[in-house]
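Below is one structure; the comments refer to it alone.
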Amino acid sequence: MSRPILEVAHLNKSYRTKSNTDFAAVKDVSFSLMKGETLGIVGESGSGKTTVAKMIAGMIPVTSGDISLDGERLSGTRTRSKATKRNIQYIFQDPVSSLNPRLQIKDILAEPLKLYFSLTKQEINTRIDGLLNDVGLPNAYRERYPKELSGGQCQRVGIARALAAEPTIIVCDEPTSALDMTIQSQILELLKDLQQKWGISYLFIAHGLEVVYSISNRVMVMKQGEVVEFGATDEIFNRPEHAYTQSLINAIPQIQIPYFN
């Protein structure tokens, strides 16, 4: 982690309500993301974490503040370049609904390859095989449709689709929340392996701290649109300062196994 790949300064997002008043969904959020780092953004529903992620990904406009990717200012531009779009990819919360049910897996993975690169048909097919291998799916799955896959397998396809663009940053928007505990662990391990292999930076969005513990280098805790605590993962877990962070840690499920004689 040598240099910031993403810098966010004083980011704000407001919406006009039906009563003709402004609602501040994100308030003065600032942070940086280093190359090869995972930053966990944690908070309850409505805390503003996904709004921050979508502004960074260019999915919703910024009200005020600055977003810079590798030194290039993004927040002041009305449309982003193809290179910028390629460099920030998104993994969605619901792995099934995020995939087009009418397309085979090979066509889903071919879309970003055709959009961002000038490749021959053979090169695209070879790259699709490589992407499936990267996410632990057999090449035979290229002929399947999303409905023929489990939730965990669909999320692997979603990860492969994000990887296809060869991004520098992937926004992981609660990518394990719709999966059971065993599959959650597998997906987290996959993301860590891919990061180590490709040097990708992650913004990892989650409701609870327990999910980000094993994957994040640093954690940003949000409440009601504001950052209430920010620090290294070990510091957040071992020495939380804000009462809200303490409540999130206390909410982590504790398993007690009964003792039998």
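The values are calculated or read from the model by the stated rules, or taken from the named source; none is laboratory data. Values in this document were obtained by computation on a predicted structure and should not be read as measured data. All Cβ positions, glycine included, derive from the backbone under ideal geometry; neighbour counts span all protein chains shown.
Among the candidates 183, 159, single out the residue that is buried (at least 22 other Cβ atoms within 10 Å of the Cβ) and within 30 Å of residue 49 (Cβ to Cβ).
On the way: 183 fails: buried (at least 22 other Cβ atoms within 10 Å of the Cβ).
Checking each option against the conditions leaves just 159.
So which residues in region 119-129 are part of a helix (DSSP H, G or I) and either loosely packed, with under 15 Cβ neighbours inside 10 Å or more than 22 Å from the chain's Cα centre (by Cα) (or both), if there are any at all? Steps first, please.
Here is the first cut: in region 119-129, the residues part of a helix (DSSP H, G or I) are 121-129.
Residues satisfying the conditions are 121, 122, 123, 124, 125, 126, 127, 129.
State whether one or more residues within region 68-84 are among the basic types (Lys, Arg), modelled with pLDDT under 95, touching a Phe, Trp or Tyr at 6+ places or on another chain (Cβ under 9 Å) and under 24 Å from residue 12 (Cβ atoms). I'd like the intermediate steps shown before the answer.
Our first condition is that a residue be among the basic types (Lys, Arg); within region 68-84, this holds for 73, 78, 80, 82.
Still in the list and also modelled with pLDDT under 95: 73, 78, 80, 82.
Cutting the leftovers down to touching a Phe, Trp or Tyr at 6+ places or on another chain (Cβ under 9 Å) gives us 82.
Next, from what is left, pick out any that are under 24 Å from residue 12 (Cβ atoms): none.
The answer is no; no qualifying residue exists.
Within region 175-190, track down each residue that is in contact (Cβ under 8 Å) with a residue 60 or more places away in the chain and closer than 14 Å to residue 38 by Cβ. Even if it seems obvious, please write down each step before you answer.
The first filter runs over region 175-190 and keeps only residues in contact (Cβ under 8 Å) with a residue 60 or more places away in the chain, leaving 175, 177-179.
Passing the criteria: only 175.
Mind checking which residues of region 71-113 are touching a strand residue (DSSP E or B) at 6+ places or on another chain (Cβ under 7 Å), hydrophobic (A, V, I, L, M, F, W, C) and in a loop (DSSP other than H, G, I, E, B)? Let's see the steps before the verdict.
Filtering region 71-113 down to residues touching a strand residue (DSSP E or B) at 6+ places or on another chain (Cβ under 7 Å) leaves 73-75, 84, 87-93.
In the following step, the residues that additionally are hydrophobic (A, V, I, L, M, F, W, C) were identified as 74, 88, 91-92.
Of everything in region 71-113, those that are touching a strand residue (DSSP E or B) at 6+ places or on another chain (Cβ under 7 Å), hydrophobic (A, V, I, L, M, F, W, C) and in a loop (DSSP other than H, G, I, E, B) turn out to be 74, 92.
On the given criteria, is residue 55 out of contact with any helix residue (DSSP H, G or I) (no Cβ under 9 Å at 6 or more places or on another chain) and either among the aromatic types (Phe, Trp, Tyr) or crowded, with 18+ Cβ neighbours inside 10 Å (or both)? Talk me through it step by step, then tell me what you get.
Working: out of contact with any helix residue (DSSP H, G or I) (no Cβ under 9 Å at 6 or more places or on another chain): yes; either among the aromatic types (Phe, Trp, Tyr) or crowded, with 18+ Cβ neighbours inside 10 Å (or both): yes.
Criteria met by residue 55.
What about residue 143, is it closer than 17 Å to residue 49 by Cβ and surrounded by fewer than 22 Cβ atoms within 10 Å (Cβ to Cβ)? Break it down into steps so the answer makes sense when it comes.
Values: closer than 17 Å to residue 49 by Cβ: no; surrounded by fewer than 22 Cβ atoms within 10 Å (Cβ to Cβ): yes.
No, not satisfied.
Could you list, ordered by first residue, the pairs with Cβ atoms under 8 Å in which the first is in region 225-244 and farther than 22 Å from residue 10 by Cβ and the second is surrounded by 15 or more Cβ atoms within 10 Å (Cβ to Cβ) and of a type in the set (Val, Ile, Thr), at least 6 apart or interchain?
Filtered contacts from region 225-244: 232/219; 233/212; 233/219; 236/219; 236/221; 236/245; 237/249; 240/249.
Filter region 211-261 for residues that are small (Gly, Ala, Ser) and either modelled with pLDDT of 95 or more or touching a strand residue (DSSP E or B) at 6+ places or on another chain (Cβ under 6 Å) (or both) and give the result.
The initial filter retains those residues of region 211-261 that are small (Gly, Ala, Ser), namely 214, 216, 225, 231-232, 243, 247, 251.
216, 225, 231, 232, 243, listed by residue number.
Condition check: of a type outside the set (Phe, Trp, Tyr) and farther than 19 Å from residue 197 by Cβ. Does residue 155 satisfy that?
Values: of a type outside the set (Phe, Trp, Tyr): yes; farther than 19 Å from residue 197 by Cβ: no.
No; evaluated as a whole, the condition is false for this residue.
Quick one: would you say residue 165 is closer than 17 Å to residue 189 by Cβ and not β-branched (Val, Ile, Thr)? Don't jump to the end; show me each part of the working.
Values: closer than 17 Å to residue 189 by Cβ: no; not β-branched (Val, Ile, Thr): yes.
In short, no.
If we scan region 174-182, do we find a residue that is within 22 Å of residue 7 (Cα to Cα) and either in a strand (DSSP E or B) or modelled with pLDDT under 95 (or both)? Before you say what the answer is, go through the steps one by one.
So in region 174-182, the residues within 22 Å of residue 7 (Cα to Cα) come out as 174.
Remaining after also requiring either in a strand (DSSP E or B) or modelled with pLDDT under 95 (or both): 174.
Yes, region 174-182 has at least one match.
Among the candidates 47, 19, which residue alone is in a loop (DSSP other than H, G, I, E, B) and crowded, with 19+ Cβ neighbours inside 10 Å?
Values: 19 fails: crowded, with 19+ Cβ neighbours inside 10 Å.
One residue alone meets the criteria, 47.
How many residues, within region 50-70, are more than 18 Å from the chain's Cα centre (by Cα) and either part of a helix (DSSP H, G or I) or hydrophobic (A, V, I, L, M, F, W, C) (or both)?
Selection size over region 50-70: 1.
Any idea which residue in region 22-44 is nearest to residue 168 (Cα to Cα), counting only those that are of a type in the set (A, V, I, L, M, F, W, C) and crowded, with 22+ Cβ neighbours inside 10 Å? If you could, list the steps in order and put the result at the bottom.
Taking region 22-44 and keeping what is of a type in the set (A, V, I, L, M, F, W, C), we get 23-26, 29, 31, 33-34, 39, 41-42.
Remaining after also requiring crowded, with 22+ Cβ neighbours inside 10 Å: 26, 29, 33, 39, 41-42.
Values: 26: 24, 29: 21, 33: 11, 39: 14, 41: 18, 42: 22 Å.
Ranking the qualifying residues of region 22-44, first place goes to 33.
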